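Peer 1: Would you mind keeping the following structure in view while I ask a few things?
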Amino acid sequence: MMARFGGRGSGVEAVVHKGTCLGGQGPVRALPLRSCVTVGEVLTFCGPFFIGVTKMVALTPRAIRGLSDGEGRRAGTLVSALLPSTETSVGSVGPPLASRPSGLALPSLARTTAVASISPWVSLRRGRKPEPLTHASRADPRAGPREPFAAWGRLSLSAAPGLADLRVPQGELRISVLPAYLSYDAPWPVRKIPLRCTAHYVAYHVESKVYAVATSTNTPCTRVPRMTGEEKEFETIERDDRYIHPQQEAFSIQLISPVSWEAIPNARIELEEWEHVTCMKTVSLRSEETVSGLKGYVAAGTCLMQGEEVTCRGRILIMDVIEVVPEPGQPLTKNKFKVLYEKEQKGPVTALCHCNGHLVSAIGQKIFLWSLRASELTGMAFIDTQLYIHQMISVKNFILAADVMKSISLLRYQEESKTLSLVSRDAKPLEVYSVDFMVDNAQLGFLVSDRDRNLMVYMYLPEAKESFGGMRLLRRADFHVGAHVNTFWRTPCRGAAEGPSKKSVVWENKHITWFATLDGGIGLLLPMQEKTYRRLLMLQNALTTMLPHHAGLNPRAFRMLHVDRRTLQNAVRNVLDGELLNRYLYLSTMERGELAKKIGTTPDIILDDLLETDRVTAHF
């Protein structure tokens, strides 16, 4: 496994393919070029716009000098490439033919460097940021693997500055632009959407392609609940005008469109006073309305907190996102909430998930499994738990439940007997923050983050002696992050998404587990092959002893498992430090060779391992 922090810039969109028109009006003419690379002879223009190529042509500096100023202005772009060289080839920037649209802040490419190679990339430097931001080109699965005869260059269009990507073997030219609404001053492109409230949960509804967001706003508390016998009454607090009332959170669930990132009008559900949203997810429940037999719903669990004198209750809300006739002039109003089920439960609803088309909920100290029929929930099975289940995730008929103080438990639902049983659990106490699965081919691990800012991987190994026949989950990896991890999500490795190849087979059934911290950081964990792991582990040990570290701090000691209480188990480790390994790339050629020789390998093999892990995780 390998942990790495940070990300990679992006924001390139394909606009032009071979034989397609970019836009504009005017007579189409062919401009023959005599001083060019012998891969083609004709460029085609449509008025002031460049539209494509009859045969792929790469302009040399001699060809550029041969063009007149009028031809250069009519083309609107001049691309300079050196083929088949893989060195840097920066295109010539021609003057834009028209002024930029008003009110559009376009990113400047004055400090952009395009590098042509087997895997081309672009280096972008903006403002006074000292280090450049790089973006590796992502291969198009429809175009097949990228050939080495590719060149990139800067160009200037009439609407926005952009980049040109020449792919000679495929006979294709792509013109791309950087979106103006993204900020490129961070390792990943960032766009901020103001909500004017606090967001707690986000769920994506696949069928309608909208987001459900649970938010809250602070409102003054002007009354308090009182119990009179078995009835509940509210007492209004009367104070003078100068009295500062305490604040309470008013929760609501709102639909947001990903097209304009605006709140959809008339698609908000206001919750009751004192009611808090404790969990919200998109669940797939059994339904006769679809061919697959499953339909996506937005499920939310709430908790009604009215003080220590009132018994704590909660509700389960199941909402469907339906399509209606939009209002005139408001196309976003085509989606609305339809509440299918809302009913008060005997305790607070603290966690939700779905399992085999059923809804699983944690209510109080019990976990219930429900079946949705005719807009009603029917109980199917239940099981008693430890103290407080605050998160649950599922895969097939297995459920992983996280307790706030008693670590994790693995449950199984049996459809034939309609029983929910305990398979295995971690017997040692652990204050869990978040959980998720870790997929490595046929192996499944359980990833846990705790209060001490650690990441741990547990596995179900019934054959192992120390598991007592599978009754206990075994810890197989641990790593100190240094920040509280509060959420996980998984994506497939990029190599598996780019089509079959020798390298993509290795990453075919592996998932990247991303995590986000309360400090605002993002990191990832990647399962690795045993051979690569052993080689990089030797490199990590060599870097720990040979490199000077900041303030003399030891990275190996920092990444060790940190615990506040005494335990009877030693640290397992088995996780590589991606930040430390990436420092190998900044060493000189002589230092790289000495380190590689010390661990019995070559610098090329180490660079291939580091670049391969970077390639399969570069999703942006």
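Peer 1: Pairs please, first residue from the stretch 243-264 and acidic (D, E), second anywhere and not in a strand (DSSP E or B), Cβ atoms under 7 Å, 6+ apart in sequence or on different chains.
Peer 2: That search, which allows pairs on different chains as well, returns E262/L332.
Peer 1: Would you check if there is a residue in the stretch 410-421 being within 22 Å of A300 (Cβ to Cβ) and of a type in the set (V, I, T)?
Peer 2: The answer is no, given that none of the residues of the stretch 410-421 is within 22 Å of A300 (Cβ to Cβ) and of a type in the set (V, I, T).
Peer 1: Out of all the residues in the stretch 537-578, which are hydrophobic (A, V, I, L, M, F, W, C), surrounded by 12 or more Cβ atoms within 10 Å (Cβ to Cβ) and more than 16 Å from A477 (Cα to Cα)?
Peer 2: M538, L539, A542, L543, M546, L547
Peer 1: For the stretch 442-469, enumerate the residues that are in contact with an Asp or Glu (Cβ under 8 Å, 6 or more places away or on another chain) and exposed (fewer than 15 other Cβ atoms within 10 Å of the Cβ).
Peer 2: Result: R451, single match.
Peer 1: Considering only residues that are among the hydrophobic types (A, V, I, L, M, F, W, C) and out of contact with any helix residue (DSSP H, G or I) (no Cβ under 9 Å at 6 or more places or on another chain), which ones fall in the stretch 305-329?
Peer 2: M305, V310, C312, I316, L317, I318, M319, V321, I322
Peer 1: Here is a follow-up. So how many residues does the stretch 261-289 have that are under 20 Å from the mean Cα position of the chain (by Cα), assigned to a loop (DSSP other than H, G, I, E, B) and at negative phi?
Peer 2: Count: 0.
Peer 1: Another question, then. Among the residues of the stretch 242-260, count how many are within 29 Å of the chain's Cα centre (by Cα) and in a loop (DSSP other than H, G, I, E, B).
Peer 2: So the count comes out to 3.
Peer 1: Checking L539 against (1) assigned to a helix (DSSP H, G or I); (2) in the same structural domain as M438 (by TED's automatic domain parsing): exactly one of these is not met. Which one?
Peer 2: (2)
Peer 1: Would you confirm whether or not the stretch 444-451 contains a residue that is under 19 Å from N570 (Cα atoms), touching a helix residue (DSSP H, G or I) at 6+ places or on another chain (Cβ under 9 Å) and not polar (S, T, N, Q)?
Peer 2: Looking through the stretch 444-451, none of the residues is under 19 Å from N570 (Cα atoms), touching a helix residue (DSSP H, G or I) at 6+ places or on another chain (Cβ under 9 Å) and not polar (S, T, N, Q).
Peer 1: Could I ask something else about it? So is R583 out of contact with any strand residue (DSSP E or B) (no Cβ under 8 Å at 6 or more places or on another chain), more than 19 Å from N454 (Cβ to Cβ), touching a residue at least 60 places away in the same chain (Cβ under 8 Å) and not in a loop (DSSP other than H, G, I, E, B) or not?
Peer 2: No.
Peer 1: Is at least one residue of the stretch 184-194 surrounded by 13 or more Cβ atoms within 10 Å (Cβ to Cβ), of a type outside the set (A, V, I, L, M, F, W, C), modelled with pLDDT of 80 or more and farther than 30 Å from E327 by Cβ?
Peer 2: Taking every residue of the stretch 184-194 in turn, at least one turns out to be surrounded by 13 or more Cβ atoms within 10 Å (Cβ to Cβ), of a type outside the set (A, V, I, L, M, F, W, C), modelled with pLDDT of 80 or more and farther than 30 Å from E327 by Cβ.
Peer 1: Right, something else. Which of the strands (runs of 3 or more DSSP E) contained wholly in the stretch 296-362 include at least 2 residues that are touching a strand residue (DSSP E or B) at 6+ places or on another chain (Cβ under 9 Å) and among the aromatic types (F, W, Y)?
Peer 2: On the way: elements: 314-323, 335-345, 349-355.
Result: 335-345.
Peer 1: Let me ask another. Filter the stretch 328-376 for residues that are of a type in the set (D, E, K, R) and closer than 24 Å to Y204 by Cβ; which is surrounded by the most Cβ atoms within 10 Å (Cβ to Cβ)?
Peer 2: Only one residue fits best here, namely K336.
The values are calculated or read from the model by the stated rules, or taken from the named source; none is laboratory data. These figures come from a predicted structure and were not determined experimentally. With ideal geometry, Cβ positions are generated from the backbone for all residues, glycine too; neighbour counts draw on all protein chains shown.
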